[in-house]
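This report concerns only the one structure given below.
Each reported figure results from applying straightforward, stated rules to the coordinates on display, with no laboratory input. Source: prediction; values computed, not measured. Don't worry about glycine lacking a Cβ; one is built from the backbone with ideal geometry, like all the others, and counts go over all protein chains shown.
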Amino acid sequence: MHLRVVNPNTTESMTALIEESARAVIGPGTTLDAVTSAMGPASIESHYDEALAVPGVLAAVAEGESAGVDGYVLACFGDPGLDAAREAAAGPVVGIAEAAMHAATLIGRAFSVVTTLSRTRGRAHDLAARYAPAGACRGVHACDIPVLALDSDPAVLQRVVALARAALDRDGSDVIVLGCAGLAGLAAAVQAELEVPVIDGVAAATMFVQSLVTLRLSTSRRSEYARPPVKPYAGMLAAFAR
């Protein structure tokens, strides 16, 4: 089994962190590569960033299809390009917000999301409405540390723990979802401090994709996720024509 984890931003150091989290949960016989998008923003912190990250995601998937990749993880909590990637890939594609929120509903009554910037809270609420039962997501809370500062700010762990502890009390939740791929390396430490499940979406998505491939299940082609129709594309997107 060959899995690919796609970092939709162009920051190599974040790809290394994402890869470490994914490799920690793969099973025997599974190979994994983590790739950095070849085009797009250095970090994804706005709708504009998300939109411009999608071509890079699709290029990484197209390259993976040529390399025989069996399944993909999209490692950004906004799940940019997820639906388009499902149309393009032969195997299953899972986003980290999708995986984390589904996993949270399997082990608790309700969850709270701890994310980076306040401006991304609306997107997290939108995704929760899609992925989780009504009322399962009790709140989305931001530590207001920019994504590219996560690996250099010594106060990140302390701030995330404090924010998550307050969220559990305020929201009445019993699971914490970390709302950024850049927070993946903190999951174990935050869980040890809070003594509740803390979900890293990168690890959760990797496990889900691995399980789907093992079960020989992939995206249905019956309707919405059928292959996109063949047509010309113009300008900078001409290479994306199928």
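Taking the Kirkwood radius as Rh and the Cα radius of gyration as Rg, the range 72-122 has a ratio of Rg/Rh equal to 1.03. Between residue 90 and residue 38, the contour length at 0.36 nm per residue exceeds the Cα-Cα span by 16.6 nm. Using Cβ point charges alone (K and R +1, D and E -1), the dipole size of the range 110-188 about the Cα centre works out to roughly 200 debye.
If you take the C-alpha gyration tensor of the range 5-124, multiply each eigenvalue by 5 and take the square root, what semi-axes do you get, largest first, in whole Å? Before the final figure, lay out each step's value.
Values: eigenvalues 92, 72, 37 Å².
They are 22, 19, 14 Å, listed largest first.
Of the DSSP H helices in the chain, those that are both long (alpha-carbon extent of 20 Å or more along the helix axis) and hydrophobic (Kyte-Doolittle mean at least 0.0) are 47-66, 156-171. Of the three principal axes defined by the Cα atoms of the range 1-66, the extents in descending order read 39, 25, 16 Å.
Look at the alpha carbon pairs under 8 Å that are at least 6 residues apart: their mean separation over the length of the range 97-201 gives a relative contact order of 35 percent.
Taking N as the number of residues in the range 97-201, what value does Rg over Cα atoms divided by 2.2 N^0.38 Å take? All intermediate terms of the calculation are to be shown ahead of the outcome.
Details: Rg = 12.2 Å, N = 105, 2.2 N^0.38 = 12.9 Å.
Ratio of Rg to 2.2 N^0.38 Å for the range 97-201: 0.95.
Across the options 162, 152, 134, the greatest Cα extent toward the positive end of the charge dipole of the range 97-201 (unit charges at beta carbon of Lys, Arg, Asp, Glu) belongs to 134.
Residue by residue, the range 77-84 carries 3J(HN,Hα) couplings of 5, x, 6, x, x, 4, 5, 5 Hz when phi is fed to the Karplus relation 6.51 cos²θ - 1.76 cosθ + 1.60 (θ = phi - 60°); x denotes Gly or Pro.
Just round it to a whole percent: the fraction of Cα-Cα distances in the chain exceeding 34 Å. Value for the chain (Cα pairs over 34 Å): 12 percent.
Taking one quarter of the surface of the C-alpha convex hull of the range 162-234 gives a mean projected area of 8.9 nm².
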